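Inspection log for the structure reproduced underneath, given as structure tokens.
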Amino acid sequence: MNKNITTIVALFSALMVLNTTLSAQEVKKLSVNEAVTLGLQSSKHLKIDQAKILEATAAVEEAKNNRLPDLKIGGAYMRLTSAHIDMKRAQEQEEGSGDGSAVPEISQAMYGMANFSLPLYAGGKIRYGIQSAGYLLEAAKLNTGNDEKAVAYNLIEAYANLFKAARVIDVIKENLAASENRDSSFIRLENNGLMARNDRLKAQLQTSDIELQLLEAQHNYNIANVNMDLLLGLPETTVIEVDPAFIDQGSDDRPLVYYEDQALQNREDIQALGYQQKAAALGIKVAKAEYLPALALTGGYIAVNVPKFLSVTNAINGGLGVQYNLSSLWKTGAAVKKAKAQAQELSASSELLADNIRLQINRDYQRSILTKRKIEVYNKAEVQAAENYRITKNKYDNSLVTITDLLDANVALLSSKINVLNAKADAALAYQKLLESSGILPAQH
């Protein structure tokens, strides 16, 4: 009696744990567009890019602040110890008299001052600096747009992997059910003495192999699902249900030159590099501006109080100030060479990027064609495998082939179905990659 109660309690506990696990898993059906939209919102990479845009925006504001005046104030209070002051008056020197008023003992001094400076001309450094910061801000925005397309493709790739993992499970389950039904039939035949035990064991061995394939497929699906959850910012227990229409997304038959032209017009990394080149050209002008003097409107105020000795108030001054650093004559040349070298580096990088993009477009275009042709071949192979299995099954039913031939035909049919499924998913993904390389992958918002 106690043993039965213990068994019931254990079974009830197991059911409770299973129910809790299932209830904790939320099933979320997502199309590929919905997944991309959700993934872009939670992308860590794009959040970093947004921070870079804020940094570049602050750099523009900082450059504009250089046009504003500088206002500095300062003051000090000082204690003096045994200060010796010897003041010579011209009248006393002329008369040769040594008598004069006694100099007071000075033990402290105070002063305060304010200085004002408004730059009027700095050789163009301020104006060029503002323009350069503006170009770098535009480059940062374009780099973010380029990264957004890359993130979108990575999300589509993860979705495709999850799609393939889920559909492979369906195909294997279907084949496993057919194999188990066949095993049941073979057991009845063996019990009636119509089948050798060895043949029945061969069939069951294949069923076991299919079960192992199913376990492996479920493992791959679980990993792909967790990866997708992390990319979308969802809890890791969320089960994502993929859209079967993913592999039906259309492609086009446009020529290679179309995608090359689109890439050169729409790739934001090329445009960003163009803005960086403009900023580098201004960097040369900023460096050369060191050869020129600086002109500023200046003003100031000073107050001094030395008790029992000196008091100065309302000492206001103003005027124009000119500053020229003579050392710039021999120091600025190196800065100009450095700026020119940076501009040359960006120019070469632009040419290299254009070549790499053409190569990437060619590679992705050829891959898109290859994946579509693979679908045609795998579709033929599936039809052939199905017909081969039908013929082999008829021959086996008429004792014309062995059980091994039948099982081999079943394996070939299962493999062909999986190949067709993977080929269709790969073709859909290859087309999305071609769009991403061309800079025309639709932004998902």
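Laboratory data are not the source of any read-out in this text; all were calculated from the coordinates shown. Remember, predicted model here, so these are calculated numbers, not experimental data. Glycine gets a Cβ as well: all are built from the backbone with ideal geometry, and neighbour counts include every protein chain shown.
Please grab the % of Cα pairs in segment 164-271 that end up more than 23 Å from each other. Roughly 59 percent, rounded to a whole number.
Calculated over the chain, the projected area of the Cα convex hull averaged across directions stands at 45.7 nm². Ordered by the count of other Cβ atoms within 10 Å of each Cβ, fewest first, 180, 345, 268 give 345, 180, 268. Per-residue extension of 0.36 nm, minus the Cα-Cα distance of residue 108 and residue 53, leaves a gain of 14.5 nm for this segment. FRET efficiency for the pair residue 118 and residue 352, taken as 1/(1 + (r/R0)^6) with r the Cβ-Cβ distance and R0 = 51 Å, rounds to 0.70. When 243, 86, 355 are sorted by how many other C-beta atoms sit within 10 angstrom of their C-beta, beginning with the fewest, the order is 86, 355, 243. Over segment 163-316, calculate the relative contact order: mean separation of alpha carbon pairs under 8 Å at least 6 apart, over the residue count, as a percent. In percent, rounded to a whole number, it is 17.
With contacts defined as alpha carbon pairs under 8 Å and 6 or more residues apart, what's the relative contact order of the chain in percent?
Here the relative contact order equals 24 percent.
Multiplying the residue separation of residue 380 and residue 190 by 0.36 nm and removing their Cα-Cα distance gives an extension gain of 64.8 nm. The modelled label-to-label distance for the pair residue 366/residue 251, using points 7 Å beyond Cα in the direction of Cβ, is 1.5 nm.
Annotation: the antiparallel percentage among DSSP beta bridges lying fully within the chain is about 90.
Within the chain, the longest run free of trypsin sites (Lys or Arg not before Pro) that sit in a DSSP loop with at most 15 other Cβ atoms within 10 Å is 90-307. Think of the chain as having a plus end and a minus end, set by charges on the Cβ of Lys, Arg, Asp and Glu; of 440, 163, 353, 353 sits farthest toward the positive end of this dipole. Placing +1 on each Lys and Arg Cβ and -1 on each Asp and Glu Cβ, with no other charges, gives the chain a dipole about its Cα centre of roughly 440 debye.
Rounded to two decimals, what is the ratio between the C-alpha radius of gyration of segment 210-354 and 2.2 N^0.38 Å?
Against the empirical 2.2 N^0.38 Å value, I get 2.27 for segment 210-354.
Phi-derived couplings, Karplus 6.51 cos²θ - 1.76 cosθ + 1.60 at θ = phi - 60°, listed residue by residue for segment 319-325: x, 10, x, 10, 10, 9, 8 Hz, with x used for Gly and Pro.
Arranged by the count of other C-beta atoms within 10 angstrom, fewest first, what order do 68, 256, 40 take?
68, 256, 40
Using the Cβ-Cβ distance between residue 312 and residue 359 with R0 = 56 Å, the FRET efficiency computed as 1/(1 + (r/R0)^6) comes to roughly 0.15.
Let me have the relative contact order for segment 249-397, percent, based on Cα pairs under 8 Å that are six or more residues apart.
Details: 92 pairs, mean separation 40.4, N = 149.
That works out to 27 percent.
Projecting the Cα atoms of 242, 206, 223 onto the charge dipole of segment 197-246 (Cβ charges, centred on the Cα centre) puts 206 farthest toward the positive pole. Taking a sphere under 13 Å around the Cβ of residue 329 and counting the other residues whose Cβ falls inside, with K and R at +1 and D and E at -1, yields a net charge of +1. The string of couplings for segment 423-428 from the Karplus curve (6.51, -1.76, 1.60, θ = phi - 60°) is 5, 5, 5, 5, 5, 4 Hz, one whole number per residue in order, with x for Gly and Pro.
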